[in-house]
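Colleague: Shown below is the structure under consideration.
The values are calculated or read from the model by the stated rules, or taken from the named source; none is laboratory data. Keep in mind that what you see is a predicted model, and the values were worked out from it rather than measured. Methodologically, a virtual Cβ is constructed for each residue, glycine included, from the backbone with ideal geometry; neighbour enumeration extends over all protein chains shown.
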Amino acid sequence: MINSLNNQFENLVWGDTLRRYGLPGRILAGVLRYLYAVLRDIVSGQLTLRSMSLVYTTLLSIVPLLAFSFAVLKGLGVHKQLETRLYTILEPLGDKGVEITDQLMRLVTSVNGSVLGGIGLAFFIYTAISMVQKIEESFNYVWYVTKPRSFARRLTEYMLVLLIGPVVIVIALGMITSLQNESIVQALVHNFVLGPVFVATSKLTPYLLVTAVFTFLYTYMPNTHVHFRAALVGGVAGGFMWATVSVIFAAFLATAARTQAIYASFASAITTLIWLYLNWLILLIGAQLAFYFQNPAYLRIGRREPRLSNAMRERLALNIMLLVGRAFRDPAKSTDLSNLSKRLRIPSITIAPIVNALEHRGLLSSNEKEDLMPGREVSHIMLSDILEVVRVDGETGSFQDPRWTAEIDKLGGDVDAAVEQALSGRSLSDLLDETEA
């Protein structure tokens, strides 16, 4: 019965039943597909597991991050804005949010570089950077990115975010505050017709800021190219969910007197952990929606492991080396995993294991920009070496010395000899020369 209901639901979502009802049916079918895909990913447990991991990282990194931001803003003379923003973020926690903000600010203001010493300061910087790294790893998981940023890119880009991020937020908030203080705006607020519009806009400002922050994170953090439209869709959905959950959570805390009675002094810590978990989960759900908007082909298959035939793997390995070799010979061109995926029309998650295997054998290498190039001179890369990566490598230790029957062993040797004869000692350089000719 359960299987029957599941089949009927899948036919309704992925079939043409709803699309027969015109535009409303197509919209409903699209909403159900995205909802089905996100719920499936949540039930699988990976998004919730990574959200809990980010909560743990947040607990370790919150003071270093705030201290870092406080130092940057203090240098500009606008560090007082930090406390106000924390009150806003933790507003759904009610009185507990005010208490937690005051405690955090006391910890931050007590941080002194001379007191910490070199090792303590290095630990603070490490924990602050590790927080951003953990976010990138979670976003890379959502976007099926198997290769993170290089160490040099991580160091420079993370420090750029940590330095410029607090400044940009304070500048944006300052612009909004200054606009609200202008006499013309104040006059419009009291206008009978335009007043309600300005009041509604001012109330939406925190949610618009959250949407903007989410959109920026979805665009910047994954180690792949994210279209702005996809990031905006995820940002709007994430902002809406954050606003909705904030209202629900605040109402829950206002009525949950039993929580304080049962957990006593631990109630603040428990509510804070729950709030952090919900925030990270919403952020990852928005990222998942952005990914599906940009890659709708994954809506139905989700994270199912791709399976390739041996023939497909062989052609894929040869084609990867051919495209990398062409880009290497042309000084004006370069290629990476994303470009290979577009050229071959195969998802990057399918290509990545073969690229990694070729790199492991020294047939491919990558630079700091993560562009792929031949691992050695193309004339020294034999086509048989490329095929060997996908035909021979990959067995576990227990299957490296099997006992074949004599007939099968001879037949396998004949197949290997036929493959070697077909390649006839040709190298990647020979293949490139032939294709260029």
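Condition check ((1) modelled with pLDDT of 90 or more; (2) in the same structural domain as N356 (by TED's automatic domain parsing); (3) farther than 19 Å from Y144 by Cα) across all residues:
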{"residue": "T272", "(1), (2), (3)": "no, no, yes"}
{"residue": "L276", "(1), (2), (3)": "no, no, yes"}
{"residue": "L284", "(1), (2), (3)": "yes, no, no"}
{"residue": "Q294", "(1), (2), (3)": "no, no, no"}
{"residue": "A297", "(1), (2), (3)": "no, no, no"}
{"residue": "M321", "(1), (2), (3)": "yes, yes, yes"}
{"residue": "R326", "(1), (2), (3)": "yes, yes, yes"}
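Colleague: Look through the range 370-392, keep the residues that are assigned to a helix (DSSP H, G or I) and not hydrophobic (A, V, I, L, M, F, W, C), and return whichever of them is nearest to D330 (Cα to Cα).
Modeller: S379
Colleague: Another question, if that's okay. Please name all residue pairs, on different chains or six or more residues apart, with Cβ atoms under 7 Å, provided the first residue is in the range 404-420 and is touching a residue at least 24 places away in the same chain (Cβ under 8 Å) and the second residue is aliphatic (A, V, I, L, M) and surrounded by 11 or more Cβ atoms within 10 Å (Cβ to Cβ).
Modeller: Within 7 Å, the pairs are V419/L387.
Colleague: Another question, if that's okay. Go through (1) loosely packed, with under 13 Cβ neighbours inside 10 Å; (2) closer than 30 Å to L35 by Cα; (3) at pLDDT 70 or above one by one and return the number of the condition Y218 breaks.
Modeller: In the conditions (1) loosely packed, with under 13 Cβ neighbours inside 10 Å; (2) closer than 30 Å to L35 by Cα; (3) at pLDDT 70 or above, Y218 misses (1) alone.
Colleague: Might you let me know whether the range 63-70 holds any residue that is modelled with pLDDT of 75 or more and part of a helix (DSSP H, G or I)?
Modeller: No.
Colleague: Looking at the range 333-340, can you tell me whether even one residue there is in contact (Cβ under 8 Å) with a residue 40 or more places away in the chain and in contact with a Phe, Trp or Tyr (Cβ under 7 Å, 6 or more places away or on another chain)?
Modeller: No: the range 333-340 contains no residue that is in contact (Cβ under 8 Å) with a residue 40 or more places away in the chain and in contact with a Phe, Trp or Tyr (Cβ under 7 Å, 6 or more places away or on another chain).
Colleague: Hey, can you tell me all the residues within the range 18-51 that are hydroxyl-bearing (S, T, Y) and touching a residue at least 12 places away in the same chain (Cβ under 8 Å)? So that I can check it myself, show each step before the final result.
Modeller: Going residue by residue through the range 18-51, those that are hydroxyl-bearing (S, T, Y) are 21, 34, 36, 44, 48, 51.
Selection gives Y34, Y36, S44, T48, S51.
Colleague: Looking only at the range 36-55, how many residues end up being touching a helix residue (DSSP H, G or I) at 6+ places or on another chain (Cβ under 9 Å) and not hydroxyl-bearing (S, T, Y)?
Modeller: Result for the range 36-55: 10.
Colleague: Does S4 satisfy being under 19 Å from the mean Cα position of the chain (by Cα) and surrounded by fewer than 17 Cβ atoms within 10 Å (Cβ to Cβ)?
Modeller: Against the criterion (under 19 Å from the mean Cα position of the chain (by Cα) and surrounded by fewer than 17 Cβ atoms within 10 Å (Cβ to Cβ)), S4 does not qualify.
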